[in-house]
Amino acid sequence: MEFPERFDPMRPLLSRVKKPFRYIGCDWKGSTEVLEDKKTTLCLAFPDTYEVGMSYLGFQILHSLARRTPETGVDRCYCPWPDMEAELRNASMPLCGLDSGKPLKNFDLIGFTLQYELTATNILTMLDLAGIPLRSAQRPAGTPIVIAGGPGALTPEPLAPFIDVFCLGDGEILLPELLEVCHSCGNERKDVLHELSRREGFYVPSQEGGEKGGTVPSGPFRKRVVKDLDEAYIPETMIVPASGIVHDRAAVELFRGCTRGCRFCQAGMMYRPLRERSPGKVAETAGKIVDNTGWEELGLVSLASCDYSGLEEVIAELEPFLKERRVNLSLPSLRMDGFSVGLAKRLRSMGRGGLTFAPEAGTQRLRNVINKGVTDEDIERTFEEVFSQGWERIKLYFMMGLPTEGDDDLKGIIKTGQLARRIAKTHGRSGKVSLSVAGFVPKPHTPFQWVAQDTRQELYRKGRSLKREAKGNGLRLNYHDPDQSFLEAAVALGGRDVSEAIERAWLNGARFDGWTECFDIGVWESAFEECGLNPESWVNRPRSPEDALPWDHIDVGILRQFLLREWEYARQEMTTDDCRWGKCQGCGWQDHGCPLSGRRDK
Amino acid sequence: MIRCRFLYAKRGRLCFVPHVEMPPLLCRVFRRAGFRLCRTESFAPKDRISLGPPLPMGVAGLAEPAEIWLDETGLPEIERLESFSHEGLSFVALQAVSEGPNLSKACRDGRYRVFLKNEDLLQKAASLLRDGWEPARTIRQAIVEKSFIDLVIGDSNQVGPGAVVRSMKAQQLVTGWEDLFIVRTAMGIWDGKRVIPVFEAGEMP
């Protein structure tokens, strides 16, 4: 009997690394097509581990969409963990597509998904392992065209020197157009970049100038969106992993965008306008995905799934089908109200270990500042509901360092935890309460984009104080590493000059900066210093509305006046209603195809 | 309900999937192929499946035993399951089991084929074996062939290829897992002459 796997050149490497299953590519429905005879080949690249990348629905949609695009061959790749990076370097082996084994440098296009600021150095790792010059300016004709999409593409400057083309907006409409341009230009780098720079939704930094020191191109470069989700491409199957991933389930997107208007939330602003998929389409797609993937759990996902207007209808339609298939249904984000808890109870599979909510701030005053839309009464009622329904545990997410925050607001975090414990006891529950506190990071394209982040010292002080208080009150509390929150802000709020520090930090060994076991702020401090940059100068100081911002040239559809008004309301502790249920708040989309405006007009 | 006992092969790079990840992977294959799975009756119900002794990451398996409970009246066809399988996974045999011992009792001993890096190392291993070296404490049989060693290891739930690799390291035959390739060729009961597989259809050459 023959065992060809004995001679697999990857075998010794796989035998030595900690999690070899990240690199084996034995997933169900992973592409096995021959790439060589395709007009254009695309490798979708996720700059984080396999388990994280495989959990991201957008990546699955793009992979499926590219596969059905004529003349296009597609593969995928995730960032190797440092142990595998070292193995590949020692063996002088290039980074390859997971399914085809084809070296990345032999693809026509490499498409990065930009989900999180702290994956920046992983992009450089992947390019370098692939043998692709890190900087766009150093890439000769014939080198793969490096594209990037996702939310990070809407704040592109820190990565601008490394990326050839940023795709601004929804991939369902941008990817087919990009591939068509590549086909028609014969994948010629110069021609493709030139052609894309003339089209809306694409930002090609090399064609626009932009100088070191933060000066940015004029623009505006406008985001493009799918107007009707029912008309947009939606896959009927997904790649099913051969081993466990972070969100190990089938998923269908209920809606895109969010109108709740939380003032700290970048996704809530950038993914507008709100577009709901019809309940019929959701149910039909969910049925096919469940049958085609074999997953034992189906997630109905979006930024706030409980807000979906067709939720009852979809659940009613899916419940008998899922029961018959023995498939669990889950909603990834729960609102703080009785309806959500009741729903969790009804779905059974949700919150087996406890339920998770995000009050975000400890007092009503501060929740008004951030426009969270959750009242003290909502919180109390939710706790009552949770513990009366039989749950023993609850996890609550908060932020520290929010604008206008005072000591009372921090104490409010502990008080909220105590309230949960008290209510649990009245229902005879053990009442294990976990509090998770993240440092607030001001994000571009939000009303808080002009706000200074608390200094690291201040965040450490607050975190330690909260932890001490929590311990004394029988609560479990963890707070995010303030150094990581600081770096996240430094990259998020940075201009093109931050790219120098990213490259320097990467050269100095920065990898997987979003992972605490890899993160080393010292490497970054040295990198900023070597580049002559002082990140405190843009992270810990407020920006004036008159200041030019490094993302001003990117038009995500939200009016500056709206953001300024929201910032003013925040200072006055005034809330803004969710326009889904009330009047239009004039965010900017009302004149550009907001489906809610249309609904109101009718 | 049908209790379906089956043997599957885990080959290629799939052998780097941890044993603990195999139940969901296998259940999803059955579900994709259109079969309804029975669930456990616990607070958090799960698909009802049970696997034979663990196979370490990197070790291939030719006839790995498992049982799955289906809410069906007939057995699945192997061809149908295979058309919904992951690369590297194939189904060797299936049978309905009405009664009898649970899987772990029927999987006491395992037969392994061990390939070393080169012939010199194989000869060295042969010489060590002749001198009484035991690659693991429950070795039932060790036969050196032209290009590999066939080992039968008892007490498979406790002793596995890991012990063999450690012992080989100590004998300086290998530096680690990367220097050898191991295949589990059968699981069952050692009768003094051969490992009687969980069911005969699954006996491999």
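What follows is calculated from the coordinates using simple rules that are stated; it is not laboratory data. If you're wondering where the values come from, they're calculated on a predicted model, not measured in any experiment. Here Cβ is always computed from backbone atoms with ideal geometry, including for glycine, and neighbour counts include all displayed protein chains.
Calculated from DSSP H runs of 4 or more alone, at -39500 (n - 2.57) each and per residue, what is the 222 nm mean residue ellipticity of chain B, nearest 500? Mind dumping the intermediate values first?
Working: 5 runs with 42 residues, N = 205.
Helix-only estimate at 222 nm: -5500 deg cm²/dmol.
Pull up the DSSP beta bridges for chain A and report the antiparallel fraction as a percent, rounded to 5.
Here the share of antiparallel DSSP bridges comes out near 10 percent.
Let me confirm one metric for peptide B:26-38, namely the mean number of other chain beta-carbon atoms within 10 Å of its residues' beta-carbons. Can you show the working numbers first?
Values: counts 1, 4, 8, 3, 1, 9, 10, 1, 3, 1, 3, 4, 1.
Partner Cβ neighbours, averaged per residue: 4.
How high is the relative contact order of chain A, in percent, counting Cα pairs under 8 Å that sit 6 or more residues apart?
Answer for chain A is 14 percent.
Mind sorting A:V556, B:V144, A:V386 by how few other Cβ atoms lie within 10 Å of their own Cβ, fewest first?
Details: A:V556 24, B:V144 18, A:V386 30.
Sorted ascending by nearby Cβ count, the order is B:V144, A:V556, A:V386.
Taking a 19 Å limit on the Cα-Cα distance, which of the listed pairs A:K29/A:K288; A:K432/B:K46; A:K425/A:K467 fall beyond it? Don't skip to the answer; put the middle values down first.
Numbers: A:K29/A:K288 14 Å; A:K432/B:K46 25 Å; A:K425/A:K467 22 Å.
Over 19 Å Cα-Cα: A:K432/B:K46; A:K425/A:K467.
Give the peptides A:128-136, A:560-568, B:129-137 in descending order of average Cβ contacts within 10 Å, highest first.
Ranking the peptides A:128-136, A:560-568, B:129-137 by packing returns A:128-136, A:560-568, B:129-137.
Based only on other Cβ atoms within 10 Å, what is the fewest-to-most ordering of A:M93, A:M54?
On the way: A:M93 14, A:M54 25.
Going from sparsest to densest Cβ surroundings: A:M93, A:M54.
Give the long-range amide H neighbours of B:W190: residues separated by 5 or more places, or on another chain, with amide H under 5 Å away, using H modelled in the peptide plane at 1.01 Å from N.
Placed amide hydrogens put B:D109, B:I196 under 5 Å from B:W190.
In whole Hz and in residue order, list the ³J(HN,Hα) couplings for the range B:68-75 that follow from phi through the Karplus curve 6.51 cos²θ - 1.76 cosθ + 1.60, θ = phi - 60°; x for Gly and Pro.
These are the phi-based 3J(HN,Hα) values: 9, 9, 10, 8, 9, 9, x, 6 Hz.
Per residue and in cubic angstrom, what volume does the convex hull of the Cα atoms of chain A have? Provide the component values of the computation, followed by the final result.
Details: hull volume 98.7 nm³, N = 602.
In chain A, the Cα hull volume divided by residue count equals 164 Å³.
Could you list A:D497, A:D513 in order of exposure, starting from the residue whose Cβ has the fewest other Cβ atoms within 10 Å? The partial results should precede the final answer.
Numbers: A:D497 19, A:D513 27.
Ordered from fewest to most neighbouring Cβ atoms within 10 Å, A:D497, A:D513 come out as A:D497, A:D513.
Measure out, as a whole number of angstrom, how far apart the alpha-carbon centroids of the range B:1-65 and the range A:268-307 sit.
28 Å
Applying 1/(1 + (r/R0)^6) with R0 = 41 Å to the Cβ-Cβ distance of A:F7 and B:I196, what FRET efficiency is obtained, to the nearest 0.05? Show your work: numbers first, answer last.
Working: r = 32 Å, r/R0 = 0.78.
It comes to 0.80.
Below 8 Å, C-alpha to C-alpha, sequence gap of six or more: please give me the relative contact order for chain B in percent. Display every interim value, and only then the final one.
Numbers: 405 pairs, mean separation 52.7, N = 205.
Normalised by residue count, the contact order of chain B is 26 percent.
Tell me the label-point distance for the pair A:D37, A:R89, using the 7 Å Cα-to-Cβ offset, in nm and rounded to one decimal.
In this crude label model, A:D37 to A:R89 measures out at 4.0 nm.
Per DSSP H run of at least 4 residues, take -39500 (n - 2.57); add these up for chain A, divide by its residues and hand me the 222 nm value, nearest 500 deg cm²/dmol. Walk me through the numbers on the way to the answer.
Numbers: 21 runs with 220 residues, N = 602.
Only helices count here, giving -11000 deg cm²/dmol.
Determine the shape class of the range A:550-602: with a ≥ b ≥ c the square roots of the Cα gyration tensor eigenvalues, call it rounded for a/c under 1.5, and otherwise prolate if a/b is greater than b/c, oblate otherwise. If you can, show how the numbers build up before the last one.
Numbers: a/c = 3.46, a/b = 1.18, b/c = 2.94.
Verdict is oblate for the range A:550-602.
Report the full-extension gain for the segment B:E145 to B:R80: residue separation times 0.36 nm, less the Cα-Cα distance, to one decimal in nm. List each step's numbers first, then the result.
Details: separation 65, 0.36 × 65 = 23.40 nm, distance 3.67 nm.
Additional length available on full extension: 19.7 nm.
Once you order the gyration tensor axes a ≥ b ≥ c over the Cα atoms, which shape class does the range B:2-105 get: rounded for a/c under 1.5, otherwise prolate or oblate by comparing a/b with b/c? Could you put the intermediate results ahead of the total?
Numbers: a/c = 1.44, a/b = 1.29, b/c = 1.12.
Here the range B:2-105 falls in the rounded category.
Which whole-Hz couplings ³J(HN,Hα) result when phi for each residue of the range A:260-277 is put into the Karplus expression 6.51 cos²θ - 1.76 cosθ + 1.60, θ = phi - 60°, listed in order with x for Gly and Pro?
These are the phi-based 3J(HN,Hα) values: 4, x, 4, 6, 8, 8, 5, 4, x, 8, 6, 8, 5, x, 6, 9, 9, 7 Hz.
Under a point spin-label approximation (7 Å from Cα along Cα-to-Cβ), what is the A:F339-B:S98 distance to one decimal in nm?
5.4 nm
If you average the C-alpha positions of the range A:116-184 and of the range A:489-509 separately, how far apart do those two centres end up, in angstrom?
Cα centres, the range A:116-184 to the range A:489-509: 16 Å.
Non-local amide H neighbours of A:W551 (under 5 Å, H modeled in plane, Pro and chain starts lacking H): which ones?
Here nothing satisfies the definition.
Hey, what do the phi angles of the range B:31-37 turn into as Karplus ³J(HN,Hα) couplings, whole Hz, using 6.51/-1.76/1.60 and θ = phi - 60°, x for Gly and Pro?
Calculated HN-Hα couplings, in order: 5, 4, 6, x, 9, 8, 9 Hz.
Looking only at other chains, what is the average number of their beta-carbon atoms within 10 angstrom of each beta-carbon in B:4-17? Could you put the intermediate results ahead of the total?
Working: counts 0, 0, 0, 0, 0, 0, 1, 4, 8, 12, 7, 6, 15, 8.
Counting other chains' Cβ atoms within 10 Å and averaging over B:4-17 gives 4.
For a protection proxy built on the mean count of beta-carbon atoms within 10 angstrom, sort A:484-490, B:87-93, B:167-173 highest first, please. Before the final figure, lay out each step's value.
Values: A:484-490: 23.7, B:87-93: 19.6, B:167-173: 16.1.
Ranking the peptides A:484-490, B:87-93, B:167-173 by packing returns A:484-490, B:87-93, B:167-173.
Calculate the mean, over all residues of peptide A:56-66, of how many other protein chain Cβ atoms lie within 10 angstrom of the residue's Cβ.
Working: counts 0, 0, 0, 0, 0, 0, 0, 0, 0, 0, 0.
Neighbouring Cβ atoms belonging to other protein chains average 0 per residue here.
Test of understanding: what is the full-extension gain from A:D552 to A:I521, defined as 0.36 nm times their sequence separation minus their Cα-Cα distance? Can you show the working numbers first?
Details: separation 31, 0.36 × 31 = 11.16 nm, distance 2.85 nm.
Computed gain between A:D552 and A:I521 is 8.3 nm.
Separation between the A:K288 and A:Y397 pseudo-spin-labels, each 7 Å from Cα along Cα→Cβ, expressed in nm?
3.1 nm
May I ask you to derive the relative contact order of the range B:109-198, considering only C-alpha pairs under 8 Å and at least 6 residues apart, and to give it as an integer percent? Let's see the in-between values first.
Values: 144 pairs, mean separation 36.5, N = 90.
Reported as a whole number, the value is 41 percent.
Over what distance in Å are the Cα centres of the range A:378-426 and the range A:48-106 separated?
41 Å
Non-local amide H neighbours of A:V146 (under 5 Å, H modeled in plane, Pro and chain starts lacking H): which ones?
A:I110, A:D164, A:V165
Going by average Cβ density within 10 Å per residue, which order do the peptides A:316-324, B:68-76, A:440-448, B:2-10 take, highest to lowest? Numbers along the way, then the final one.
Numbers: A:316-324: 14.4, B:68-76: 16.0, A:440-448: 23.9, B:2-10: 22.3.
Sorting A:316-324, B:68-76, A:440-448, B:2-10 by mean packing, highest first, produces A:440-448, B:2-10, B:68-76, A:316-324.
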